[in-house]
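What follows is a set of notes on a single structure, which appears directly below.
The values are calculated or read from the model by the stated rules, or taken from the named source; none is laboratory data. Everything quoted here is computed from the prediction, not taken from an experiment. Positions of Cβ are generated from backbone atoms using ideal geometry, with glycine treated the same way; all protein chains shown enter the neighbour counts.
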Amino acid sequence: MPSIIYGLLALGLFVQTLGLGQTILVAGMTLALLILPIIIVATREAARSIPLEIREAAYGLGADKWQTVSGYILPAARPGILTGAIVGMSRAIGETAPIITIGALTFIAFLPPSPVQSTFPFVNFEWLNSPFTVMPIQMFNWVSRPQAAFHVNAAATGLILLVMTLAMNGLAIWLRYKILRSMR
């Protein structure tokens, strides 16, 4: 499904119906909706890849369905589930269409409040209600300016996006290999 559909859903549901505004919280919920099908499909496929013999052995030992799923199926499917979650998050890093739909800004002249503060209760949730932008939009903004320094910033932003995507996919592969190896 095209990612713009998730943006339209979030605009209609979160921004207009629930009145949450165009905030970081809504952007996060939109990206969560975007990667949810990826994680669900990865989880289902990882669980289906577990041999039937493991299920039958658990039932043969007297485990009920929930004990079989929680004690045998999910631990054995963990590498596939983690891989799906990390690949989903790496997709969310570069998504711009749904975020633009809900109202991402092209220029932000200030930083949102810090989520960590020096006074009690040490956690601040004000940043969730701040306006936002995303790196691809900021990169486009810098490329469209005539000064060379902005082009350097845009190139660095593109490199950061590329490195983050490759690092997350590499982490997914490494975790999958490490967990599969430890299970043997």
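A few remarks follow.
- Residues satisfying the stated conditions in the stretch 83-93, i.e. surrounded by fewer than 18 Cβ atoms within 10 Å (Cβ to Cβ) and closer than 18 Å to T23 by Cα: I93
- On the stretch given as the stretch 15-62, residues that are touching a Ser or Thr at 6+ places or on another chain (Cβ under 7 Å) and either free of Cβ contacts under 8 Å to residues at least 60 places away in the same chain or aromatic (F, W, Y) (or both) total 4.
- Checked against (1) under 21 Å from the mean Cα position of the chain (by Cα); (2) modelled with pLDDT under 90; (3) outside any loop (DSSP other than H, G, I, E, B), F132 meets all criteria but (3).
- Enumeration of residues in the stretch 29-69 that are surrounded by fewer than 12 Cβ atoms within 10 Å (Cβ to Cβ) and more than 30 Å from S3 (Cβ to Cβ): P51, L52, E53, E56, G60, L61, G62, D64, K65, W66
- Any hit, the stretch 64-79, residues being in contact with an Asp or Glu (Cβ under 9 Å, 6 or more places away or on another chain) and hydroxyl-bearing (S, T, Y): no
- In summary, helices (runs of 4 or more DSSP H) completely within the stretch 1-119 and bearing 3 or more residues that are within 30 Å of N141 (Cβ to Cβ) occur at 3-10, 24-48, 74-94, 97-102.
- Neighbours by Cβ (under 7 Å, 6+ apart or cross-chain): first from the stretch 129-144, without any contact (Cβ under 8 Å) to a residue 12 or more places away in the chain; second part of a helix (DSSP H, G or I) and of a type outside the set (D, E): V143/H151; V143/A154
- One residue from A104, A167 being out of contact with any Asp or Glu (no Cβ under 7 Å at 6 or more places or on another chain) and loosely packed, with under 14 Cβ neighbours inside 10 Å: A167
- Only one of the numbered conditions (1) surrounded by 14 or more Cβ atoms within 10 Å (Cβ to Cβ); (2) free of Cβ contacts under 8 Å to residues at least 60 places away in the same chain is not met by L8, and that is (2).
- Taking the stretch 143-162 as the range and being loosely packed, with under 11 Cβ neighbours inside 10 Å and in a helix (DSSP H, G or I) as the test, the residues that pass are A148, A149, L159.
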